[in-house]
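Peer 1: Would you mind keeping the following structure in view while I ask a few things?
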Amino acid sequence: MFKKFIQKIHLWLGFITGLVLVINLLPASIFAFNTELKDWWYHRAIFATEIKTSTLPISVLKEKVRATLKNKEVITHIEVNSDKTRGYAFGIYEESKHPGFTYFSESEVNKEVYVNPYTGKIQGEIDLRYDWIKICEAIHRRMLLHYNYGGHWFIAISTLAIIFSLFTGLVLWFPKNKAALKQRFIFKRNVRWRRRNYDIHNVGGFYSYILILFLAVTGLLWSFDWWAAGFYRLFGENYKTMSAIQQEFIPHPVKSSVFNPLDAAFENVWSKRKSWSSMVIAFPEEGDEKNTDKLFFYLKFNDHTGWDESDQYVYHTGRLIKQVLQEQKSTAIKWQDSNYAFHTGGIYGLPTKILTCLTTLFCASLPITGLIIWFGKKKKNKSAIRSKKNK
């Protein structure tokens, strides 16, 4: 009786969210390789064709990009890579005049402009609104719906359904007796396609159980505050005060040979940390009264692992006022910073990306294989009823 009840829950969870999960997870498997795909697809824009011994001041490069801006476009950030063959990426953004219910209506302009740091030449740009790699991410995160109009809730609820389906599926997986236990671990050979489909769903589901659960759990950290709060309690921390980590205050100005505040801050960050892999310079948002004079530098030391540090400078003077170092972070904060790398599979490079891709593809197949099993049982029940009537 209990198993029949669980079976109905498992079935209806699949019916309600199955199509959403298939649509949601297929592009997610592609997005696992977003960095590699982006470098390949936009190679001409991203990589510098002319490399010299020294780069132009970053303030000069910023002004060159600013001169090309239209209407209300603003430079939100600059991404710099330690790889000297790469151009600097300038993030350009303009708020939407008429925001709607879709992902495409979130902004009027959202693009990256790539500049050769040695010559100042603009190499190319990527329209992030219509970039197919970014669209894959948008489908996975919000089904191409506007984030503020329930797009992320749609996916969050579906992810919860995955977790419930995993638990109900595990209950259904357990055999009635020890003799049937062996069948739950092994794919049978020389069987009909329906049996093969059953084994893929049942046996394959068991072996991928932990991986699918891990991806679902890490995904929900961005969806629900109560989920994140529970996660932080596991580490003995309070979610509401998690951002109040220890920060080192720097009372004295930065010594620099240059006079432009942006260049002075950039030179200071570059010189004092030798092993960083990429850096994002975030500029104050227009209209943000609290941060009008704050310039943030986010440094990644192993790309896609979450090991990062940040410096905060006074935008108009180049004075260093705060630092957040990796060793100052709590365990929960370190995990939070690495959560994206865990969820997308980038934590250990290509091997974990491949594993994440395959796990996501298999998870996308579960609603399909489950539907085939349901149709098969329904057909078998109809045949049994007909045979009884004939008798």
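The values are calculated or read from the model by the stated rules, or taken from the named source; none is laboratory data. Note that the structure is predicted; figures quoted are calculated from it, not measured. Cβ: placed from backbone, ideal geometry, glycine included. Neighbour counts: every protein chain shown.
Peer 1: Going by the structure shown, is PHE214 assigned to a helix (DSSP H, G or I) and modelled with pLDDT of 95 or more?
Peer 2: Values: assigned to a helix (DSSP H, G or I): yes; modelled with pLDDT of 95 or more: yes.
So PHE214 fits the description; yes.
Peer 1: A further question on this structure: For a quick check of your reading of the model, give me the residue pairs whose first member lies in region 117-132 and is free of Cβ contacts under 8 Å to residues at least 40 places away in the same chain, whose second is aromatic (Phe, Trp, Tyr) and in a loop (DSSP other than H, G, I, E, B), with beta-carbon atoms closer than 9 Å and at least 6 apart or on different chains.
Peer 2: Hits for this filter: ASP131/TYR42.
Peer 1: For residues in region 217-235 being in contact with a Ser or Thr (Cβ under 8 Å, 6 or more places away or on another chain) and in a helix (DSSP H, G or I), which is surrounded by the fewest Cβ atoms within 10 Å (Cβ to Cβ)? Even if it seems obvious, please write down each step before you answer.
Peer 2: At the first step, the residues of region 217-235 found to be in contact with a Ser or Thr (Cβ under 8 Å, 6 or more places away or on another chain) are 219-220, 223, 235.
Restricting the remaining residues to those that are in a helix (DSSP H, G or I) gives 219-220.
Values: GLY219: 23, LEU220: 21.
Result: LEU220.
Peer 1: Now, a different point. Give the number of residues within region 151-181 that are over 19 Å from LEU366 (Cα atoms) and either surrounded by 15 or more Cβ atoms within 10 Å (Cβ to Cβ) or of a type in the set (Gly, Ala, Ser) (or both). Give the steps one after another, and end with the answer.
Peer 2: Filtering region 151-181 for residues over 19 Å from LEU366 (Cα atoms) gives 151-154, 175-181.
In the following step, the residues that additionally are either surrounded by 15 or more Cβ atoms within 10 Å (Cβ to Cβ) or of a type in the set (Gly, Ala, Ser) (or both) were identified as 151-152, 154, 179-180.
Counting residues in region 151-181 that are over 19 Å from LEU366 (Cα atoms) and either surrounded by 15 or more Cβ atoms within 10 Å (Cβ to Cβ) or of a type in the set (Gly, Ala, Ser) (or both) gives 5.
Conditions tested, residue by residue: (1) charged (D, E, K, R); (2) more than 20 Å from SER278 (Cα to Cα).
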site	(1), (2)
ILE16	no, yes
LEU19	no, yes
VAL22	no, yes
LEU25	no, yes
ALA28	no, yes
ASP39	yes, no
HIS43	no, no
ALA48	no, no
ILE51	no, no
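Peer 1: Across region 28-45, what is the number of residues that are under 14 Å from GLU125 (Cβ atoms) and within 21 Å of the chain's Cα centre (by Cα)?
Peer 2: Qualifying residue count for the region: 3.
Peer 1: Ok, one more. In region 89-116, how many are in contact with a helix residue (DSSP H, G or I) (Cβ under 6 Å, 6 or more places away or on another chain) and without any contact (Cβ under 8 Å) to a residue 24 or more places away in the chain?
Peer 2: Of region 89-116, the ones in contact with a helix residue (DSSP H, G or I) (Cβ under 6 Å, 6 or more places away or on another chain) are 90, 96, 99, 101, 103, 113-115.
Pick out the ones that are also without any contact (Cβ under 8 Å) to a residue 24 or more places away in the chain and you get 96.
Going through region 89-116 one residue at a time, the tally reaches 1.
Peer 1: On the given criteria, is ASN148 within 31 Å of the chain's Cα centre (by Cα), assigned to a helix (DSSP H, G or I) and exposed (fewer than 15 other Cβ atoms within 10 Å of the Cβ)?
Peer 2: On the way: within 31 Å of the chain's Cα centre (by Cα): yes; assigned to a helix (DSSP H, G or I): yes; exposed (fewer than 15 other Cβ atoms within 10 Å of the Cβ): yes.
For ASN148, the condition - within 31 Å of the chain's Cα centre (by Cα), assigned to a helix (DSSP H, G or I) and exposed (fewer than 15 other Cβ atoms within 10 Å of the Cβ) - is met.
Peer 1: In region 44-87, how many are touching a Ser or Thr at 6+ places or on another chain (Cβ under 7 Å) and farther than 21 Å from ASN110 by Cβ?
Peer 2: Number of matching residues: 5.
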